[in-house]
Amino acid sequence: MRSVPRELLLHMTSDSVLSLQLTSRELWRFLPVGYLLTIAVETPILFIGLSTQHTWKRKLLAGVWLTACTYPIVVLVLPMVFSNYSRAAYLLIAETFAPVAECVLFWLAFGSRSEMRGSMWRDFGAIVLANLASFGVGELLNRWEWFGMF
């Protein structure tokens with residue numbers, strides 16, 4: 001769900017360059033819906049996937065907080081920046097930015113240099129997997145045109 005729905009936001013022109021369709025107001029309207037769907041997908045994965053050294057409260061916090069930090073950039077900022085580029089370029093940057101930024105934020109909040117062993121790498125893997133899952137669900141919903149109802 002990290003990807004902005006192409007039916008709402010972007011359409012392909014004949015020269016394969018993305019053309020901005022929505023105003024910033026419409027992007028803001030989509031933001032809470034996409035955010036809630038994203039945390040609905042990512043939080044259970046983080047709850048199960050994050051290492052056992054983290055409490056259940058921290059795992060739930062990570063599901064809500066990490067997405068809150070990156071989702072607005074993915075949905076509001078990057079579509080504007082990449083409005084004249086291909087959808088593939090936007091997705092490459094957005095879907096790389098989100099998990100990398102979330103791993104850094106998680107490590108800064110809960111990690112230490114001494115923890116850069118198995119448990120922290122497991123945490124990073126869970127964060128990446130959660131992001132891949134939400135991206136996949138978002139792309140499926142996009143393909144089925146579910147985002148067109150908003």
| task | Determine whether residue 120 is farther than 22 Å from residue 45 by Cα and part of a helix (DSSP H, G or I). | result | no
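Listed here are the residues, each with its yes/no results for (1) part of a helix (DSSP H, G or I); (2) modelled with pLDDT under 95.
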site	(1), (2)
52	no, yes
69	yes, no
78	yes, yes
85	no, yes
90	yes, yes
109	yes, yes
127	yes, no
132	yes, no
140	yes, yes
| message | Take the residues in segment 1-32 that are farther than 21 Å from residue 85 by Cα and surrounded by 15 or more Cβ atoms within 10 Å (Cβ to Cβ); name whichever of them is modelled with the highest pLDDT. | response | 31
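The values are calculated or read from the model by the stated rules, or taken from the named source; none is laboratory data. On a predicted model such as this, the values are computed, not experimentally measured, just so you know. Neighbour counts are summed over all protein chains in view; Cβ atoms, including those assigned to glycine, are modelled from backbone coordinates with ideal geometry.
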